[in-house]
Every structure is written in structure tokens, then in C-alpha cells.
1. Once the other residues with Cβ under 15 Å from the Cβ of B:Arg95 are scored (Lys, Arg +1; Asp, Glu -1), what is the net sum?
2. Just to verify a number: FRET efficiency for B:Glu137 and B:Ile116, C-beta to C-beta distance, R0 = 25 Å, to 0.05?
3. Give me the distance in nm between label points sitting 7 Å out from Cα along the Cα-to-Cβ direction at A:Leu92 and A:His177, one decimal.
4. Identify all aspartates and glutamates with a Cα-Cα distance to B:Lys148 below 15 Å; exclude those on the same chain that are fewer than 8 residues away in sequence.
5. Note down the net charge around A:Leu315, summing +1 for each Lys or Arg and -1 for each Asp or Glu among other residues with Cβ under 12 Å from its Cβ.
6. Classify the protein assembly as shown: rounded, prolate or oblate, from the alpha-carbon gyration tensor (a ≥ b ≥ c, eigenvalue square roots; a/c under 1.5 rounded; otherwise prolate if a/b is larger than b/c)?
7. Which of the aspartates and glutamates could be linked to B:Lys279 by a straight reach, that is with a Cα gap under 16 Å, when you skip same-chain ones fewer than 8 residues away?
8. Would you mind calculating the relative contact order of chain B from Cα pairs under 8 angstrom and at least 6 residues apart, reporting the percent as a whole number?
Amino acid sequence: MSRLLRVSDVKVHFPIGKQGFFGRPAGYVKAVDGVSFDIERGETLGLVGESGSGKTTLGRAILRVLEPTAGEITYEQDGNSVDIMALDRRGLRNIWRNMQMIFQDPYASLNPRMTVRDIISEPLLANRLAKGADLDAQVIDMAKLCGLNTDHLSRFPHAFSGGQRQRIAIARALILHPEFIVCDEAVSALDVSIQAQILNLLKDLQIELKLTYLFIAHDLAVVAYACDSVAVMYLGQIVEIAPTVKLYYSPQHPYTEALMSAIPEADPAQVMQPVFLTGERPSPSKPPSGCRFHNRCQYATDICRSEMPPLRVILEGHQAACHHSEKLSLKGALEHGARD
Amino acid sequence: MKSGVLLEVRDLHITLDFDGDDIPVVQGIDFELPAGKVLALVGESGCGKSITAQALLRLLSRELRISCGAINFRPDEDQAPVDIVSLGKDGKEIRAIRGNQMSMIFQEPMSSFSPIHRIGDQIGEVIELHLKLSKAETRTRVIELLGKVGIPDPERAVDQYPHSFSGGMRQRAMIAKSLACDPAVLIADEPTTALDVTIQAQILEIMRNLKDEFGMSMIFITHDLGVVAQIADEVAIMYMGKIVEKGPVMEIFKSPQHPYTIALLSAIPRLGKLSNRRKLTSIQGSVPSLFERPAGCAFHPRCDSFIATRCDTHIPAKSLTSAQHEVHCFLHEAVEAEPAA
């Protein structure tokens, strides 16, 4: 596999509390604070974390839909490395043909005044890539691929259920044949039975169209199912990143352990034994010194309070940002007991 | 009413008034809540689970109406049960029950508190109203309640406003408020859905303690089968306003009988064996709208075991697969009718 995207030391800081009219901001919310990772072509990288951890902000910053404060983003396109941070408006428009996004709420992300046909064809028209019969044919092909009934293309979004709307949103995102898709909580608003349909669709499309996904979600069971590797975010930083099986079954960061232990397993015989985090999550405008997790971590020592642990390789392919990873034997998801 | 049963719902029907037409939303459901147990009402959005819960406290909005059925509530074994359906919607009797003998926790901890009143005053209001305690006694009680649900420094929290509480803290305060008068029944409508997974685990732990330590009886409404497995004793699976299957939690998860339950359980991603992830089994189609309710069994257009001229014309009756496990499906009626096969 070859690398598709490299993100290094990306930061997104939002100024807060201006002092005076022209004054300097009183502080910054460090929504994303120094994040680095690679995505391989054809893989699905999961991005998990609790609300406010910066996962959505990061997803948007990678596409420069939201301007990063600092960092480098390199995208491999047809053998060339494209520095996304250096692109002007026109360059961005071009690269966005390859990089698309699917949003959480299919009720808010589709224009209620446009027919499904118009919604799906808009990217083609906006980029002047097709018109007339060719446009129609492309729209119909994509609608079929996404499991939409092509007789219903002249209807408006309100006539569709949540799952159908998400299919429309997916068709719109894929119509330009992008390589990279940011799925921001793409199945979170859907019911269980529909969620399974959309997850399966995303998987089929990935194989068919050779897509690479950044899959942002808070539901850890969904992420486990959908992703090849997973990155865990806490207060704007990645605390652990590893192949899914390793991350879930043998986590190397205490925060990942706490997350894993809190997943309610759909089996009444497996009583959950959550590791409770003490205290409240600190505000991203005033992150704690040293390791950002230290004030809630049961394993914290003096070094954790003073020095920020870098994200480093603990085992092959398994990175974590913890001073004590080697000394701890943390519990993963499997240790709740044998499962069917 | 059987002894040991606090709440009994019989043949409850709820209709939606839509331009003068009565659209059925809940179609004849029956369940019982035994003392000290947690009953989970489970289903996808639009199955009528929240509306059922609201009906128990007569909190339905104006367009929704209980068209028939009974809700028998007996907080005290020695007394005769009260039929909540027969009470006025805003009368004295129902107000004496609401928040006192039966209380409710809502999904959105952000919008269930008034932003301009102190947390302590909002919890105290319930106590003053029902228990008629003095200001000082109320305050002591509120502080005790806040401590019980794990809010740190309750003496300080009592004077704070909701905006200084995080989502998890607000949900704890909401639980404290609902416990203020030691209710016999607690109704929790998706209490953890809006919360992060680590906070959810904490709230579930609190609710489990309430059950174990105080013998609280709960009706727990959720769509999350993981949460159900972790908290419920009894489970009722709802689909389009009907209970399709009901039974003890272990039986529902280990030997589900209704095709809908079976499909739901196989549609959830599990952490079991991640190394050989199979495709998720999805349920075809989606839940029809209330205005397009299929004839016969409402699940038949999405069912893999659909029997033509039977499922699409007749409504399956209840059949028992064990003493406490009931299922509404023709597959099981057939088994009973032909024991030799």
C-alpha cells in the first residue's frame, strides 16, 4: 500500500475573548493541537474521541474547509505530492474533486428545495464536468450504485427516510469520483437497521471505487467494525493510533482503556466493568500541563504532570502518547470475557 | 392486578389527530412492571416507545390521545390501583402522582433545566410541592440527593446554575430531581443517548445502584441494545406501535424469537471477533411512515420469513415460547398448531 495523505503537526486554534475592539484575543481554544498521522491508500482510518475532542475540526481542517492555524497536509495525487496548505482557492477547488465529505445529519445536509437529481448532479455542473445526456447517465449510474431507486430522482429530500437521504448524500459525495472521503459521523443519526445498511454500502463502495476513508465517529463498536486502523483523540491530540484489533484488544494508553471499558456490550451475560475517570474533562482553552490526561488518569506520576508525552511507537505499528505504556498492562475490549 | 406489580398497562391505544383523522400510533400494548425490576422498551425511532412513556404520566401533547386501554398504577400494595387513563390530564390526582410517585428523566440534559434558576431551587421545587418540607429541610435534602448521584461538592453545586454543569452533571442532577420524592417508578427516556460513552457508563452505574440498593423500579426507553443488555431485567421490543416480543433479558438476547428481534441483534456491530469481521446483516427497507402502515403484521414487508396471504392479511396473536417469553409472529403460531412437525 502507498500513502495517500500525510498530516503533520496540524493545529487549529480559535481565538476567544477579544480585549478591546482591535485588541488581541485573551486566549485560544486549542481544538486541534499538533496532530500527525498518515492514511494509506484504500484503508479506513477511524477517528474516535468524545464530544469536544476535536475530531470534527480535524476532519474539516484536512480538507481546508476550515483553515488550520499551522501544520502540513500532503496529498498524493497521481504520483505527485500536493501541499494542501499551499493551495490557493482554485487549487483547492481542484483538489476537492478528489477529497469529499459526508456529514452526520442527512436532514440538514441536503437542500430541501432541490430535487435529488439536482443535488447529485450539482458537483458535476459546478465543476463543468458534464452536461446533457452524459450528466443524466452519470447521475443515474451513481444513484444505482448507492442503492437509490432511479424512478424517484425528481422527488425532493423530504420524501425520503433518513437512510435514503444518507444514500443521496453519499451519491453526491461520490459523483466526482473522489479518492478520499471524510465521513463525519455518517451513520450516527441512523437507526440500527439502517446503520447496518449504510455501513455495508460504504464498505462495498470502498472496494468498488477504491476509496480511502477518514471515518469520524463516537460509537466505538461501529468504528471497530468499519475501520482498519483507529486514532483516539483527547483534548485536541491523538493519544493512540494503531490497527483496530491491536487498539481494541491491547490498548497502550489509559484513556483508550477507559473508553473500551465503557462500551456497553450487547450481551447481558457480560456485565461491564467500566474504568471510571475522575473529575471533569478540562477545557481545551486551558489544557493541563504535561500529559493532558494526567488529572483523570489512575496511573499518573510526577513526570506526567510536568512533561507532555510524545506520540511514539510502542510496538510495531502501534503508537501511543504515554510515559508509562511499557509498564502498564491495560485491559482491552476482549478482556471482558470470551465472546461469540 | 397481580401482587408485586407496580404498574400494569393493558391494551393501550394512542392515536394522533391529523386534520381530523385518527392515525394509530400505539396499537394495543400490554406490559407489567414488577417491583424492583427494570423494564426496557426498545425500538427504532417512530416505534412509539417514547409516546408510551409519556402516556404513563399523561404528558402527551395535544394532538396525541389515549383512545382506549388502562394504565393501572399501585404504588402501595395495600391500596387499590389507580387507572391513570381515567384521571384528568391536568387534574389534581395526576399532579399528585407526577414527580412524586412516578417521575421521569428525559433525553436532553441541556434542555430539561431552566437556565435562569439555580439547580438547588429546581430540585427543591419538587420537594416543596409534594413533601411540604421547610426551606432549610429542602436544602438539606437536595444536597443529600446531589451527593447520592455522585455530584462532587454538593454544598456548592446546589447554588449553581445549569450552565456551569457539564452534560453528564446535568443528567445526574436530573436523576437527583427525579428521585427527590422517592418515587415508586422511574421512567427514563433515552437518559444516556446524548452523553459520551464514559459518561454513559457512569450514569448507567448510578442507575444500577438505584435498582440494587433502593429497589427502584424503572421503565427504561432506549434504542441501544448494548445499554439494554447492561441494565434491563425485562425487555419489550416494539415495532410500529406494537410490542412484537417480550421476555427476560437473557432469553431475548440468547434466543430471540421474532424475526425483527433476530434481525436487530445481528445488525449491531459487536466487539467479539474483530479479526474476522463479517458483513453486518441489515434489515431491508426502512420503517414505513405512520400513514402507510402495512396491513397484517407491520413488519412483513421487511421480513425474511414472510408468509404470503398470512402475514400481509392477518395480525399475529400472542404466543408464549416459555412462561415469560411472548412473541407476536405467525412462525410461532404455526409451531404451536402443528406440534408433530
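None of the figures in this text is laboratory data; all of them are computed from the coordinates on show. Keep in mind that this is a model prediction, so the values were computed, not measured. Methodologically, a virtual Cβ is constructed for each residue, glycine included, from the backbone with ideal geometry; neighbour enumeration extends over all protein chains shown.
1. Details: positive: B:Arg58, B:Lys89, B:Lys92, B:Arg98, B:Lys132; negative: B:Asp90, B:Glu93, B:Glu125, B:Glu128.
My count for the surroundings of B:Arg95 gives +1.
2. On the way: r = 25 Å, r/R0 = 0.98.
Here the calculated transfer efficiency is 0.55.
3. 2.6
4. Candidates past the 8-residue exclusion: B:Asp182, B:Glu205, B:Asp212, B:Glu213.
5. Values: positive: A:Lys246, A:Arg312; negative: A:Glu240, A:Glu316, A:Glu326.
Around A:Leu315, the charge tally is -1.
6. On the way: a/c = 1.73, a/b = 1.24, b/c = 1.40.
It is oblate, given that a/c is not under 1.5 and a/b is not larger than b/c.
7. A:Asp204, A:Glu208, A:Asp228, A:Asp340
8. Working: 601 pairs, mean separation 64.8, N = 341.
It comes to 19 percent, rounded to a whole number.
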